[in-house]
Structures are given as C-alpha cells and as structure tokens.
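J.: Before I ask anything, let me first share the structure, which is written out below as structure tokens.
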Amino acid sequence: MSVPYAEVIGDPIAQSKSPAIHGFWLEKLGLSGRYDHCLVKLEGLGDYLDARRPDPDWRGCNVTMPHKLAIVPLLDRLDPLAASIGAVNTVVREADGTLTGYNTDAPGFLEPLRAELDKAHLFRMARVLGTGGAARAIVAALARENFVIVLAGRDPGKARAMLDELAPGTDHHAVNILHFGDPTEFAFDDREGCLDLIVNASPLGMTGQPPLAFDFSHAPPGSVVYDIVTSPLDTAFLQAARAAGFATVDGLSMLIGQADIAFARFFGERPPREHDEALRALILS
C-alpha cells in the first residue's frame with residue numbers, strides 16, 4: 001500500500017526539526033503519511049527533483065538553506081508571493097507531476113508577532129541581520145506590515161539591492177553587519193507607541209557557524225528580539241537579549257508557523273495547533 005510522503009531538503013539537514021513537527025501532526029490527526037529529511041547538495045538539486053517528480057506518493061518538500069533561491073528556476077510555476085519574494089521554501093507536486101513553489105516563510109515569520117502587529121503604532125522599525133533566502137521573505141513580510149527596515153549584510157550593496165527590490169521606498173537603510181558588533185552611544189528617542197524588532201535572519205549563531213556579533217546598545221528600549229536559528233534553539237543571541245531585558249521570539253515559532261501552511265498543502269488537512277505546547281515540549285525534550 002502506497003503512503004503519501006513529504007520531506008525537507010538542505011545541506012546540512014540532519015539537525016532539522018521539521019520531521020518531528022510534521023510527524024507529530026500526522027500522528028495526532030491519525031493520517032497515513034510520513035515526513036522525512038533528505039540531504040541534497042546544491043549541485044544535486046536538479047537530480048533530486050527529477051527523481052521525485054514521477055512519484056505520485058511524493059507530495060513535495062520543504063526547502064532550507066542553501067536551496068531557497070537556487071530551486072526557483074527548476075520549478076514549473078511560482079505562487080505570486082513566492083514570485084514576489086524570489087525565494088521558495090515549499091514545493092508541492094501537483095496531480096499532473098508539475099511542481100509549484102510557495103513561500104511560507106513570510107507568513108510563518110509573522111505568525112508569532114501577529115497580536116502585536118494587529119495593534120496601531122506610531123512607528124515601526126526592524127533591524128534585520130542577513131541577506132539570504134530567509135531574509136528575503138522576512139524583508140518582504142515586514143515591508144507589507146509598514147516597517148522601516150535597516151538591513152545588515154556582509155555586502156551592503158547586496159542589502160541595498162534587496163531593499164530596492166522587496167521594500168520600495170526611501171526610508172530603508174542598508175549597512176554592513178559588522179556595524180552592529182561594536183557598541184554605540186546613540187541616544188534613542190521616546191519609543192512609546194513604537195514597535196522595534198531586532199531579527200537574526202542569518203545562519204550566524206547556528207551550530208557549526210560563526211557566532212553572531214551584536215551589541216545590544218543598538219537595540220531601542222522595548223525591542224522584540226527574534227532569532228530564526230533553530231539549532232540551537234536558545235541561541236547565545238537570545239540569551240544575551242533576555243539578559244539585557246528584551247522580549248524574545250525563537251526560531252521554533254517561525255518554523256511551526258511556516259510548517260502549518262506547508263502541511264496543509266502536502267497532506268490536505270490543517271494541523272492541530274491546539275497541541276502546540278505539547279509539540280514544543282516534544283522538540284525540546
């Protein structure tokens with residue numbers, strides 16, 4: 001008997017928490033299906049899709065680094081949001097074997113912020129660190145939520161081009177990521193009625209990667225600090241933020257949010273989000 005399946009691809013991939021998330025939901029719903037992880041090198045991305053495409057049991061895959069940009073030209077069509085972002089993190093096999101790319105990172109990133117975003121603010125500013133595929137989704141999502149964005153990367157020119165493409169307007173700024181590693185004596189003005197975000201959208205601080213250098217003198221009072229890294233889940237960046245008195249959001253929040261949308265596309269049912277607390281406990285155990 002055939003069993004529908006999906007998987008997450010990337011390099012590295014063994015640390016991915018996606019199989020635990022989707023497996024938990026499949027079990028809770030009593031659905032027949034499985035969700036695996038698969039190591040795919042950048043040079044093997046086309047061969048991977050060619051091998052999976054004819055398999056009717058393969059419902060698609062989630063895509064993590066370094067493939068979110070490279071996979072775009074290999075697909076048959078893009079959802080409008082994915083097309084506007086230029087990055088794909090979810091591929092769905094249609095009944096005719098064609099492949100559609102989606103970006104669930106953008107809504108997944110916003111999900112844990114939604115209660116705050118639904119409030120009215122005098123001003124919204126986000127400092128975003130990183131210029132990769134996930135950062136593209138985050139910049140596009142924040143622009144749609146009326147944030148002024150400071151985008152930091154190793155190449156400020158690349159950051160500027162990203163802003164011009166994804167967040168049209170003259171208020172945004174591109175800086176070298178090293179700028180945030182050194183202390184500043186900048187005196188922030190009154191932040192009442194403002195929403196400030198500090199977002200690590202880079203792999204820095206991830207297991208096997210260099211640490212993220214960020215001095216919290218760059219964080220306005222009352223900022224929310226968000227790290228999309230999931231391995232480790234409680235990064236040094238988040239620990240330092242809490243020690244400095246800031247509210248934090250970890251990468252599991254975004255991962256669960258984006259997985260919700262992907263799961264429904266793969267398996268045809270919405271996941272049982274009433275069990276989020278148990279899911280978190282499982283992943284953290």
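J.: Taking H22, is it part of a loop (DSSP other than H, G, I, E, B) and surrounded by 15 or more Cβ atoms within 10 Å (Cβ to Cβ)? Full working, then the answer.
T.: Working: part of a loop (DSSP other than H, G, I, E, B): no; surrounded by 15 or more Cβ atoms within 10 Å (Cβ to Cβ): yes.
It is false that H22 is part of a loop (DSSP other than H, G, I, E, B) and surrounded by 15 or more Cβ atoms within 10 Å (Cβ to Cβ).
J.: Does E94 satisfy the condition of being surrounded by fewer than 24 Cβ atoms within 10 Å (Cβ to Cβ), outside the structural domain of A174 (by TED's automatic domain parsing) and over 13 Å from the mean Cα position of the chain (by Cα)?
T.: Working: surrounded by fewer than 24 Cβ atoms within 10 Å (Cβ to Cβ): yes; outside the structural domain of A174 (by TED's automatic domain parsing): yes; over 13 Å from the mean Cα position of the chain (by Cα): yes.
Considered against the rule, which asks whether it is surrounded by fewer than 24 Cβ atoms within 10 Å (Cβ to Cβ), outside the structural domain of A174 (by TED's automatic domain parsing) and over 13 Å from the mean Cα position of the chain (by Cα), E94 comes out as yes.
J.: Still on this model: Quick check on region 68-87: of everything there that is assigned to a loop (DSSP other than H, G, I, E, B) and at pLDDT 95 or above, which residue is farthest from V40 (Cα to Cα)? Steps first, please.
T.: So the first thing to find is which residues in region 68-87 are assigned to a loop (DSSP other than H, G, I, E, B), and the list is 68-71, 75-76, 79, 86-87.
In the following step, the residues that additionally are at pLDDT 95 or above were identified as 70-71, 75-76, 79.
Details: A70: 12, I71: 12, L75: 16, D76: 20, D79: 23 Å.
Here the residue is D79.
J.: Can you name every residue in region 112-124 that is surrounded by fewer than 20 Cβ atoms within 10 Å (Cβ to Cβ), within 25 Å of D79 (Cα to Cα) and in contact (Cβ under 8 Å) with a residue 24 or more places away in the chain? Walk me through how you get there before you give the answer.
T.: Quick first cut of region 112-124, residues surrounded by fewer than 20 Cβ atoms within 10 Å (Cβ to Cβ) only: 112, 114-124.
So of that shortlist, the ones also within 25 Å of D79 (Cα to Cα) come out as 112, 114, 117.
Scanning region 112-124 gives P112, L117.
J.: For region 143-160, enumerate the residues that are under 17 Å from I177 (Cβ atoms) and either surrounded by 15 or more Cβ atoms within 10 Å (Cβ to Cβ) or in the same structural domain as T64 (by TED's automatic domain parsing) (or both). It would help to see each step written out before you state the result.
T.: Our first condition is that a residue be under 17 Å from I177 (Cβ atoms); within region 143-160, this holds for 149-160.
Within region 143-160, I149, V150, L151, A152, G153, P156, A159, R160 meet the criteria.
J.: Could you pull out the residue among G86, G33 that is surrounded by 15 or more Cβ atoms within 10 Å (Cβ to Cβ) and in contact with a Pro (Cβ under 6 Å, 6 or more places away or on another chain)?
T.: Values: G86 fails: in contact with a Pro (Cβ under 6 Å, 6 or more places away or on another chain).
Only one candidate passes the filter, namely G33.
J.: For I9, are the conditions met, namely being touching a residue at least 24 places away in the same chain (Cβ under 8 Å), of a type in the set (A, V, I, L, M, F, W, C) and closer than 18 Å to A134 by Cα?
T.: Details: touching a residue at least 24 places away in the same chain (Cβ under 8 Å): yes; of a type in the set (A, V, I, L, M, F, W, C): yes; closer than 18 Å to A134 by Cα: yes.
The answer is yes for I9.
J.: Which one of the conditions (1) in a loop (DSSP other than H, G, I, E, B); (2) small (G, A, S); (3) at pLDDT 95 or above does A6 fail to meet, given that it meets all the rest?
T.: The one condition A6 does not meet is (1).
J.: If you go through region 251-284, how many residues are assigned to a loop (DSSP other than H, G, I, E, B), without any contact (Cβ under 8 Å) to a residue 60 or more places away in the chain and either buried (at least 21 other Cβ atoms within 10 Å of the Cβ) or not assigned by TED's automatic domain parsing to the domain that holds E94 (or both)? Write out each step before concluding.
T.: Residues of region 251-284 that are assigned to a loop (DSSP other than H, G, I, E, B), as a first pass: 268-272.
Those left that are additionally without any contact (Cβ under 8 Å) to a residue 60 or more places away in the chain: 268, 270.
The next check asks that each one be either buried (at least 21 other Cβ atoms within 10 Å of the Cβ) or not assigned by TED's automatic domain parsing to the domain that holds E94 (or both); those that pass are none.
The qualifying residues number 0.
J.: Is it true that G46 is over 22 Å from R273 (Cα atoms) and either crowded, with 18+ Cβ neighbours inside 10 Å or assigned by TED's automatic domain parsing to the domain that holds A278 (or both)?
T.: Criteria met by G46.
J.: With respect to A51, determine if the residue is surrounded by fewer than 18 Cβ atoms within 10 Å (Cβ to Cβ), more than 24 Å from V229 (Cβ to Cβ) and modelled with pLDDT under 95. Please lay out each step first, then the result.
T.: Working: surrounded by fewer than 18 Cβ atoms within 10 Å (Cβ to Cβ): yes; more than 24 Å from V229 (Cβ to Cβ): yes; modelled with pLDDT under 95: no.
The answer is no for A51.
J.: If you don't mind, another one. So for region 135-146 (the condition being among the charged types (D, E, K, R) and touching a strand residue (DSSP E or B) at 6+ places or on another chain (Cβ under 8 Å)), does at least one residue qualify? Spell out the reasoning first.
T.: The initial filter retains those residues of region 135-146 that are among the charged types (D, E, K, R), namely 136, 144-145.
Those left that are additionally touching a strand residue (DSSP E or B) at 6+ places or on another chain (Cβ under 8 Å): 145.
Looking for residues that are among the charged types (D, E, K, R) and touching a strand residue (DSSP E or B) at 6+ places or on another chain (Cβ under 8 Å), one finds at least one in region 135-146, hence yes.
J.: Considering only region 195-207, I want to know if a residue exists there that is surrounded by fewer than 19 Cβ atoms within 10 Å (Cβ to Cβ) and among the charged types (D, E, K, R).
T.: No, that holds for no residue.
J.: Please find, among A152, A106, the residue that is modelled with pLDDT of 95 or more, within 18 Å of the chain's Cα centre (by Cα) and assigned to a strand (DSSP E or B).
T.: Working: A106 fails: assigned to a strand (DSSP E or B).
None of the others qualify; the one that does is A152.
J.: Being crowded, with 17+ Cβ neighbours inside 10 Å and in a loop (DSSP other than H, G, I, E, B) is the filter; apply it to region 221-230 and report the residue that is modelled with the lowest pLDDT. Step through it out loud before you land on a result.
T.: Going through region 221-230, the residues crowded, with 17+ Cβ neighbours inside 10 Å turn out to be 223-230.
From what's left, in a loop (DSSP other than H, G, I, E, B): 223, 228-230.
Working: S223: 97, I228: 96, V229: 94, T230: 90.
Out of the qualifying residues, it is T230.
The values are calculated or read from the model by the stated rules, or taken from the named source; none is laboratory data. Source: prediction; values computed, not measured. Here Cβ is always computed from backbone atoms with ideal geometry, including for glycine, and neighbour counts include all displayed protein chains.
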